[in-house]
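Novice: The structure is given below, and queries will be raised subsequently.
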Amino acid sequence: EVQLVESGGGLVQPGGSLRLSCAASGSIFSVYAMTWVRQPPGRGLEWVTAINSGGGSTKYVDSVKGRITISRDNAKNTLYLQMNNLKPEDTTVYCCASYYNSSWTGGMGYWGKGTLVTVSS
């Protein structure tokens, strides 16, 4: 199994940027595909982006393409989410999660507790 801890959330003005981090421990991070998920106010749980175990393949929900980039550093057991041109509607808790294997096929196995992003003037 793998334990996940998010960090990097906080207050930012509209148009600003944040980089979220997800630190993994308890297992071999490099064998897992990873994802970021969020729940915007008044909406259901939203899948945002995913990356395969080696970092060579990524995918994004259409609504965030061009503003969000997922990446990973397997040597540091860390997943990242670079968020640019943030909007008030991006305000919510962001969670990282692992899939059960090296690709994003199949379900998600482990979840972090989340980090809060607040976009406001």
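Novice: Can you name every residue in the range 83-111 that is hydroxyl-bearing (Ser, Thr, Tyr) and open to solvent by 20 Å² or more (accessible area, probe 1.4 Å)?
Specialist: Step one: of the range 83-111, the residues hydroxyl-bearing (Ser, Thr, Tyr) are 91-92, 94, 98-100, 102-103, 105, 110.
Residues satisfying the conditions are 91, 100, 102, 103, 105, 110.
Novice: Given the residues 11, 45, which is the only one that is open to solvent by 60 Å² or more (accessible area, probe 1.4 Å), in contact (Cβ under 8 Å) with a residue 12 or more places away in the chain and out of contact with any Phe, Trp or Tyr (no Cβ under 9 Å at 6 or more places or on another chain)? It would help to see each step written out before you state the result.
Specialist: Details: 45 fails: in contact (Cβ under 8 Å) with a residue 12 or more places away in the chain.
Checking each option against the conditions leaves just 11.
Novice: Against the conditions (1) open to solvent by less than 10 Å² (accessible area, probe 1.4 Å); (2) under 20 Å from residue 121 (Cα atoms), where does residue 17 fall short? Just the number, please.
Specialist: Failed condition: (1).
Novice: Can you say whether residue 80 is modelled with pLDDT of 95 or more and open to solvent by 20 Å² or more (accessible area, probe 1.4 Å), as far as the supplied structure shows?
Specialist: Values: modelled with pLDDT of 95 or more: yes; open to solvent by 20 Å² or more (accessible area, probe 1.4 Å): yes.
So residue 80 passes the test.
Novice: While we're on this one: Give just the number: which of (1) at pLDDT 95 or above; (2) farther than 20 Å from residue 6 by Cα; (3) open to solvent by less than 50 Å² (accessible area, probe 1.4 Å) does residue 114 not satisfy?
Specialist: (2)
Novice: Another one. Taking the range 1-11 as the search range and keeping residues that are outside any loop (DSSP other than H, G, I, E, B) and of a type in the set (Gly, Ala, Ser), which one is farthest from residue 103 (Cα to Cα)?
Specialist: Taking the range 1-11 first, the residues outside any loop (DSSP other than H, G, I, E, B) are 3-7, 10-11.
Then keep just the ones that are of a type in the set (Gly, Ala, Ser); that gives 7, 10.
Working: 7: 24, 10: 30 Å.
Result: 10.
The values are calculated or read from the model by the stated rules, or taken from the named source; none is laboratory data. Just so it is clear, the model here is predicted, and its values are computed rather than measured. All Cβ positions, even for glycine, are placed from backbone atoms using ideal geometry, and neighbour counts span all protein chains on display. For accessibility, only protein heavy atoms count, side chains too; no ligands or nucleic acids. Shrake-Rupley method; radii C 1.70, N 1.55, O 1.52, S 1.80 Å.
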